[in-house]
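A.B. asks: First the structure, then my questions, so here it is.
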Amino acid sequence: MLFNSFAFAIFLPVVFILYWALPKKCQWAVILVSSYYFYMSWNVKYVFLILLTTVVSYITAILLEKEQNGKRRKFYLSVAFAFCLGVLFFFKYFNFISVSIAGIVQRFTISYSPFMINVLLPVGISFYTFQTLAYVIDVYRGDVNAEHHFGKYAAFISFFPQLVAGPIERTSNLLPQIKRENSFAYGQASYGLKLMVWGFFKKIVIADTLAVYVDMVYNNLHDYTGMILGIATIFFTIQIYCDFSGYSDIAVGCAKLFGIDLMSNFKSPYLSCSVKEFWSRWHISLSTWFRDYVYIPLGGNRVSKRRHRLNLMITFLVSGLWHGAAWTYVIWGGIHGLAQVIENLFGQNRLRIKSSEKDTKDTESGKDGESKNRLRIVRMLCVFLFAAFAWIFFRAQSLSDAAYVIRYTLSGIRHPMQYLIKGYSSLALTKKEIMTCIGMIGLLGVYDAFSLKYDVVACIGRWNVVLRWAVYLAMVLLILFMAPIGNASSFIYFQF
């Protein structure tokens, strides 16, 4: 059941009414039942996977809390890891490993056909597996207590707004909110609806519009050369941000309808001045997960400089592999890891200008201030172009396709006018469509720039009643106008 589907437009109001109409002690049960129904709408069979994962992690966490013997505690932790990661490996990585082994063996002229399994990847499995593992690790470390109420714990793991594509919530934040008896707050629910509208706008109006041109090029790469490849890559850079952050806004806003606050998953990442800053703003729930459960256990930056850089590379390579069972994703992660190693090596982090949200005390003026502003803009542009380059591997269907984009994007640039004319004509955009794309991307940039200092949704809510409702109505009408008739478009991160 997609957020941008007619089915969800019926499902959400029904759950909302039941949640607030039934006694407060039943709230967790409404969440549990509705979440499992939501998940079963994708595939009834796979509901048993999330249930089994929930049961195993629930039992092992209780055993960990009761057990004092260090070896037995490590054994229980290992059981939880082996089961949860084993299920994830089987469904997501088995074919990838099998094909990779076959490729290596065949290089030695040994005839070998990889064994393949024909199963669909359960939607959201990477997200709820990581949320489950974080819970077990936190109990093992003594950071949280094991939850003894199975129903409430199951509701925490399966909470439908963030089940399929995050944010990957921490136990200490979400579980207490699931367990408590919430009281309806109009302001919170109203804010949630407005945030959902902005999320739908980013997904349907911006991301899905750009997706048409991105798919046209990337699904037929060898029909194109020159600037159009660069345009499609820039469009994808915007598309994936609007698609995924749009989903996160809808999820966070939806949760607020039930009196629950989820963590923010994006903070204007393309306005970052370094790759490190980019990852503090992009998919925050995942980047902090890898920081706390991979990077820091490896030693973080509390080790030698060489080991610290190795830890960065390992973390980002694993992050790339988490995104998908293909070498393109591994290379994408490796590129980001290498960039951070280079930043660390040349001391870029020490020279990095503080982000706008922290730069509230800046009183510089004159040439010095203008120089720093120009430098900041240049750095933001460099980070954006770097991210766009890395996204080539993320979007390309193979390493050879990614190499083709990199090789032929600048083809013909020695003749700038022909290069521009050919790129424009190949994309087949009318002036109206060009102005629409520029306007949408410009609106996104303005929103992100202001969101560094202000809560834009809350600010609009304080405008004159006529003006703010004009904005709400315009956005809703655009969403309805741009929404496809028939099947709704899926979210990119659902495949992970």
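The values are calculated or read from the model by the stated rules, or taken from the named source; none is laboratory data. Since we're looking at a predicted model, the values are computed, not measured. For neighbour counting, all protein chains shown are included, and Cβ atoms are generated from backbone atoms with ideal geometry for every residue, glycine included. Just so you know, the surface numbers come from the protein's heavy atoms only, side chains and all, with ligands and any DNA or RNA stripped out. Shrake-Rupley method; radii C 1.70, N 1.55, O 1.52, S 1.80 Å.
A.B. asks: Pairs only if they're at least six apart or on different chains, beta carbon under 8 angstrom, first in the stretch 377-404 and closer than 18 Å to Ile228 by Cα, second open to solvent by 80 Å² or more (accessible area, probe 1.4 Å) and part of a helix (DSSP H, G or I); list them, first residue then second.
C.D. replies: Tyr404/His222
A.B. asks: Continuing with this model, one more query. Being open to solvent by less than 70 Å² (accessible area, probe 1.4 Å) and not hydrophobic (A, V, I, L, M, F, W, C) is the filter here, so list the residues in the stretch 73-111 that pass it.
C.D. replies: Arg73, Tyr76, Ser78, Gly86, Lys92, Tyr93, Asn95, Ser98, Ser100, Gly103
A.B. asks: I've got another one for you. Being touching a helix residue (DSSP H, G or I) at 6+ places or on another chain (Cβ under 7 Å) and more than 22 Å from Phe393 (Cβ to Cβ) is the filter here; which residues of the stretch 290-302 pass it?
C.D. replies: Tyr293, Leu298, Gly299, Gly300, Asn301
A.B. asks: Now for a separate question. Are any residues in the stretch 159-172 crowded, with 20+ Cβ neighbours inside 10 Å, in contact (Cβ under 8 Å) with a residue 60 or more places away in the chain and under 17 Å from Phe290 (Cα atoms), and if so, which ones?
C.D. replies: Ala165, Gly166, Pro167, Ile168, Glu169
A.B. asks: Please count how many residues of the stretch 13-53 are touching a Lys or Arg at 6+ places or on another chain (Cβ under 7 Å) and exposed (fewer than 13 other Cβ atoms within 10 Å of the Cβ).
C.D. replies: 0
A.B. asks: Give the residue, chosen from Phe258, Phe266, Phe278, that is touching a Gly at 6+ places or on another chain (Cβ under 9 Å) and of a type outside the set (Gly, Ala, Ser).
C.D. replies: Of Phe258, Phe266, Phe278, the one residue that is touching a Gly at 6+ places or on another chain (Cβ under 9 Å) and of a type outside the set (Gly, Ala, Ser) is Phe258.
A.B. asks: A further question follows. Residue check, Glu364 against (1) in a helix (DSSP H, G or I); (2) at pLDDT below 85; (3) open to solvent by 70 Å² or more (accessible area, probe 1.4 Å), all met but one. Which one?
C.D. replies: The number of the failed condition is (1).
A.B. asks: Are there helices (runs of 4 or more DSSP H) fully within the stretch 1-109 with at least 3 residues that are farther than 30 Å from Ser190 by Cα? List them.
C.D. replies: 47-66, 70-88, 94-106
A.B. asks: Moving on. Would you confirm whether any residue within the stretch 16-35 is of a type in the set (Val, Ile, Thr) and at pLDDT below 95?
C.D. replies: Taking every residue of the stretch 16-35 in turn, none turns out to be of a type in the set (Val, Ile, Thr) and at pLDDT below 95.
A.B. asks: Here is a follow-up. Only one residue in Ser490, Ser451 is under 21 Å from Phe200 (Cβ atoms) and touching a Ser or Thr at 6+ places or on another chain (Cβ under 7 Å), so which one is that?
C.D. replies: Ser451
A.B. asks: Report the residue count in the stretch 409-461 for those that are within 29 Å of the chain's Cα centre (by Cα), touching a residue at least 24 places away in the same chain (Cβ under 8 Å), within 18 Å of Ile231 (Cα to Cα) and open to solvent by 40 Å² or more (accessible area, probe 1.4 Å).
C.D. replies: Final tally of qualifying residues: 2.
A.B. asks: Which is open to solvent by 40 Å² or more (accessible area, probe 1.4 Å), closer than 21 Å to Val15 by Cα and at pLDDT 90 or above, of Phe184, Phe156?
C.D. replies: Phe184
A.B. asks: Conditions first: (1) open to solvent by 50 Å² or more (accessible area, probe 1.4 Å); (2) modelled with pLDDT of 90 or more; (3) closer than 24 Å to Leu163 by Cβ. Val136 passes all but one, so which condition is the exception?
C.D. replies: The one condition Val136 does not meet is (1).
A.B. asks: For residues that are part of a loop (DSSP other than H, G, I, E, B) and among the small types (Gly, Ala, Ser), scanning just the stretch 110-128, find the one that is nearest to Val47 (Cα to Cα).
C.D. replies: Gly124
A.B. asks: Please go through the stretch 413-424 and give me each residue that is modelled with pLDDT of 80 or more and not aliphatic (A, V, I, L, M), ordered by number.
C.D. replies: Within the stretch 413-424, Arg414, His415, Pro416, Gln418, Tyr419, Lys422 meet the criteria.
A.B. asks: Is it the case that the stretch 387-402 has a residue that's open to solvent by 80 Å² or more (accessible area, probe 1.4 Å) and modelled with pLDDT of 95 or more?
C.D. replies: Yes, because at least one residue in the stretch 387-402 is open to solvent by 80 Å² or more (accessible area, probe 1.4 Å) and modelled with pLDDT of 95 or more.
A.B. asks: I'd like to check something: does the stretch 432-445 contain any residue that is modelled with pLDDT of 85 or more, outside any helix (DSSP H, G or I) and either among the small types (Gly, Ala, Ser) or over 21 Å from Val217 (Cβ atoms) (or both)?
C.D. replies: No, the stretch 432-445 has no match at all.
A.B. asks: What do you reckon, is Leu480 open to solvent by 90 Å² or more (accessible area, probe 1.4 Å) and outside any helix (DSSP H, G or I)?
C.D. replies: For Leu480, the condition - open to solvent by 90 Å² or more (accessible area, probe 1.4 Å) and outside any helix (DSSP H, G or I) - is not met.
A.B. asks: Among the candidates Phe290, Phe258, Phe266, Phe244, which residue alone is open to solvent by less than 20 Å² (accessible area, probe 1.4 Å) and either assigned to a loop (DSSP other than H, G, I, E, B) or of a type in the set (Lys, Arg) (or both)?
C.D. replies: Exactly one residue qualifies, and that residue is Phe258.
A.B. asks: Something else about it: Just checking, does the stretch 197-210 include any residue being open to solvent by 10 Å² or more (accessible area, probe 1.4 Å), without any contact (Cβ under 8 Å) to a residue 12 or more places away in the chain and not small (Gly, Ala, Ser)?
C.D. replies: no
A.B. asks: For the list (1) assigned to a helix (DSSP H, G or I); (2) open to solvent by less than 30 Å² (accessible area, probe 1.4 Å); (3) not acidic (Asp, Glu), I need the number of the one condition that Ile231 fails.
C.D. replies: (2)
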